[in-house]
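Participant: Dropping the structure in here first, questions after.
The values are calculated or read from the model by the stated rules, or taken from the named source; none is laboratory data. Keep in mind it's a predicted model, so treat the numbers as computed, not measured. Ideal geometry is used to build each Cβ from the backbone, glycine not excepted, and the neighbour counts take in all protein chains shown.
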Ligand SMILES: Cc1cc2nc3c(=O)[nH]c(=O)nc-3n(C[C@H](O)[C@H](O)[C@H](O)COP(=O)(O)O)c2cc1C
């Protein structure tokens with residue numbers, strides 16, 4: 001079994017990550033109002049690249065102005081974003097890491113108060129996240145435009161020198177809303193069983209692959225289970241096979257806690273990572289994320305079949321987390337962290353304030 005400190009080579013492109021530690025996408029509220037990157041956001045990410053991560057992923061970044069879900073969210077919908085993206089990509093490369101931009105659209109989680117538009121989704125759905133009203137079902141023409149916008153965004157990332165994109169199909173945002181049987185009740189080609197509900201995602205993959213350079217990585221992040229949108233494990237496993245057949249470069253499963261079993265099959269002893277590696281293990285590289293704090297946690301998840309592991313909260317508290325992967329005893333301090341410690345780890349006051357909304361994270 002490989003150690004998390006060992007390199008990983010992406011089979012299709014031959015691109016090598018110096019280790020198996022991925023900085024997971026993290027929204028941090030530090031972008032400017034027009035979606036351009038701030039100095040604070042570039043610094044926070046470059047500190048993680050310098051801190052040894054093999055792969056550094058940006059925060060979720062919206063592909064159209066209407067897809068913005070939070071204030072301070074990074075954007076990739078216009079050419080004015082390219083200079084900031086270029087600076088970030090150059091910096092990440094300078095530290096010997098691979099750069100990924102996580103591209104997304106909030107769908108029904110993109111509030112009208114930010115976008116000036118009624119939220120859209122696969123179907124007309126009641127809004128959540130504290131919003132009132134309903135989403136509007138997107139038309140076929142709008143779906144085609146959205147697919148093109150994902151392509152435009154990926155081309156901008158490639159022009160800026162990014163090594164690839166992660167398509168954000170997890171956590172209940174637009175791609176996930178198409179995948180879920182509760183939020184996608186369409187009776188046209190975009191709805192139905194999982195092979196039809198995944199058509200939107202597959203067309204985005206096709207679009208990105210046809211327009212980005214050959215060596216550009218295209219991966220997908222999914223939620224194995226997501227009750228609110230109606231994503232069930234069995235469908236997600238079928239989806240994993242569909243995505244492997246489509247030739248994606250990695251499948252990133254967002255488990256929230258890698259020790260969790262399926263909530264639908266609680267009697268089955270397998271962790272979520274094991275379910276996926278049993279189904280598609282050899283046909284597509286798997287990244288798994290959730291509650292990994294120590295080298296031993298990371299090694300355990302690789303033992304369950306992940307090719308790489310991704311961390312979020314541990315990397316907020318410890319910018320150099322990844323450089324400790326050769327130390328099998330490494331088990332760094334866990335939350336709560338003092339705000340002065342977080343600032344010493346490259347977070348701005350804005351980011352520290354945001355982390356106060358993550359229960360028990362800031363002292
Ligand atoms: C502050 C913060 C922001 C996050 N933003 C995103 C995001 O933009 N996109 C995403 O896919 N996941 C996001 N996540 C989820 C993480 O990528 C990760 O899957 C989750 O935190 C579990 O990993 P951890 O236990 O290592 O923190 C975020 C998590 C945190 C803590």
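Residue-by-condition table, conditions (1) assigned to a loop (DSSP other than H, G, I, E, B); (2) away from the ligand (no atom under 16 Å from the Cβ); (3) touching a strand residue (DSSP E or B) at 6+ places or on another chain (Cβ under 8 Å); (4) at pLDDT 95 or above:
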| residue | (1), (2), (3), (4) |
| --- | --- |
| 3 | yes, yes, no, yes |
| 6 | yes, yes, no, yes |
| 28 | yes, no, yes, yes |
| 31 | yes, no, yes, yes |
| 36 | yes, yes, yes, yes |
| 59 | no, no, yes, yes |
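Participant: Could you list, ordered by first residue, the pairs with Cβ atoms under 6 Å in which the first is in the stretch 20-32 and under 22 Å from residue 302 (Cβ atoms) and the second is assigned to a loop (DSSP other than H, G, I, E, B), at least 6 apart or interchain?
Facilitator: Within 6 Å, the pairs are 20/4; 21/4; 21/53; 21/54; 21/325; 23/53; 24/312; 26/312.
Participant: While we're on this one: Taking the stretch 255-283, which residues are surrounded by 20 or more Cβ atoms within 10 Å (Cβ to Cβ) and within 16 Å of the ligand (Cβ to nearest atom)?
Facilitator: Listed by number, the residues that qualify are 255, 258, 271, 272, 273, 276.
Participant: Of all residues in the stretch 14-26, which are part of a loop (DSSP other than H, G, I, E, B) and more than 30 Å from residue 67 (Cα to Cα)? Don't jump to the end; show me each part of the working.
Facilitator: Quick first cut of the stretch 14-26, residues part of a loop (DSSP other than H, G, I, E, B) only: 14-15, 18-20, 24-26.
Across the stretch 14-26, the qualifying residues are 14, 15, 18, 19, 20.
Participant: Tell me, please, whether a residue that is under 26 Å from residue 253 (Cα atoms), modelled with pLDDT of 95 or more and surrounded by fewer than 22 Cβ atoms within 10 Å (Cβ to Cβ) can be found in the stretch 137-145. Spell out the reasoning first.
Facilitator: Looking only at the stretch 137-145, we keep the residues that are under 26 Å from residue 253 (Cα atoms), and these are 143.
The next check asks that each one be modelled with pLDDT of 95 or more; those that pass are 143.
Still in the list and also surrounded by fewer than 22 Cβ atoms within 10 Å (Cβ to Cβ): 143.
Yes: the stretch 137-145 contains one or more residues that are under 26 Å from residue 253 (Cα atoms), modelled with pLDDT of 95 or more and surrounded by fewer than 22 Cβ atoms within 10 Å (Cβ to Cβ).
Participant: Mind telling me which of the residues 14, 51, 78 ends up being within 16 Å of the ligand (Cβ to nearest atom) and at pLDDT 95 or above? Before the answer, list the steps.
Facilitator: Values: 14 fails: within 16 Å of the ligand (Cβ to nearest atom); 78 fails: within 16 Å of the ligand (Cβ to nearest atom).
Exactly one of 14, 51, 78 is within 16 Å of the ligand (Cβ to nearest atom) and at pLDDT 95 or above, namely 51.
Participant: Would you check which residues across the stretch 314-355 are closer than 17 Å to residue 4 by Cα and assigned to a helix (DSSP H, G or I) and list them?
Facilitator: The initial filter retains those residues of the stretch 314-355 that are closer than 17 Å to residue 4 by Cα, namely 314-315, 318-332.
Scanning the stretch 314-355 gives 314, 315, 321, 322, 323, 324.
Participant: Hey, could you check the stretch 298-313 for residues that are away from the ligand (no atom under 15 Å from the Cβ), touching a residue at least 40 places away in the same chain (Cβ under 8 Å) and in a loop (DSSP other than H, G, I, E, B) and say which is farthest from residue 98 (Cα to Cα)?
Facilitator: 304
Participant: Let me ask another. Which of the residues belonging to the stretch 291-300 are buried (at least 20 other Cβ atoms within 10 Å of the Cβ) and touching a helix residue (DSSP H, G or I) at 6+ places or on another chain (Cβ under 8 Å)?
Facilitator: 292, 295, listed by residue number.
Participant: From 241, 206, 214, which residue is more than 16 Å from the ligand (Cβ to nearest atom), part of a loop (DSSP other than H, G, I, E, B), more than 15 Å from residue 171 (Cβ to Cβ) and at pLDDT 95 or above?
Facilitator: Values: 241 fails: part of a loop (DSSP other than H, G, I, E, B); 206 fails: part of a loop (DSSP other than H, G, I, E, B).
That would be 214, the only listed residue that is more than 16 Å from the ligand (Cβ to nearest atom), part of a loop (DSSP other than H, G, I, E, B), more than 15 Å from residue 171 (Cβ to Cβ) and at pLDDT 95 or above.
Participant: Same structure, new question: Across the stretch 225-234, which residue is farthest from the ligand (Cβ to nearest atom) among those that are farther than 23 Å from residue 207 by Cβ and not in a loop (DSSP other than H, G, I, E, B)?
Facilitator: Filtering first and then ranking leaves 234.
Participant: With respect to residue 290, determine if the residue is touching a residue at least 12 places away in the same chain (Cβ under 8 Å), out of contact with any strand residue (DSSP E or B) (no Cβ under 6 Å at 6 or more places or on another chain), within 15 Å of the ligand (Cβ to nearest atom) and more than 30 Å from residue 354 (Cα to Cα).
Facilitator: Details: touching a residue at least 12 places away in the same chain (Cβ under 8 Å): yes; out of contact with any strand residue (DSSP E or B) (no Cβ under 6 Å at 6 or more places or on another chain): yes; within 15 Å of the ligand (Cβ to nearest atom): yes; more than 30 Å from residue 354 (Cα to Cα): no.
Judged against the criteria, residue 290 is not a match.
Participant: For the stretch 279-297, how many residues meet the condition of being under 27 Å from residue 28 (Cα atoms) and not in a loop (DSSP other than H, G, I, E, B)?
Facilitator: Total satisfying the criteria: 6.
Participant: Something else: Could you tell me whether any residue of the stretch 325-336 is within 11 Å of the ligand (Cβ to nearest atom) and either at pLDDT below 95 or surrounded by fewer than 21 Cβ atoms within 10 Å (Cβ to Cβ) (or both)?
Facilitator: Quick first cut of the stretch 325-336, residues within 11 Å of the ligand (Cβ to nearest atom) only: 334-335.
Within this subset, residues satisfying the condition of being either at pLDDT below 95 or surrounded by fewer than 21 Cβ atoms within 10 Å (Cβ to Cβ) (or both) are 334-335.
Yes, the stretch 325-336 contains at least one residue that is within 11 Å of the ligand (Cβ to nearest atom) and either at pLDDT below 95 or surrounded by fewer than 21 Cβ atoms within 10 Å (Cβ to Cβ) (or both).
Participant: Let me ask something else about it. State all residues of the stretch 68-85 that are assigned to a helix (DSSP H, G or I) and surrounded by fewer than 22 Cβ atoms within 10 Å (Cβ to Cβ); if no residue qualifies, say none.
Facilitator: Within the stretch 68-85, the subset assigned to a helix (DSSP H, G or I) is 79-85.
Correct list: 79, 80, 82, 83.
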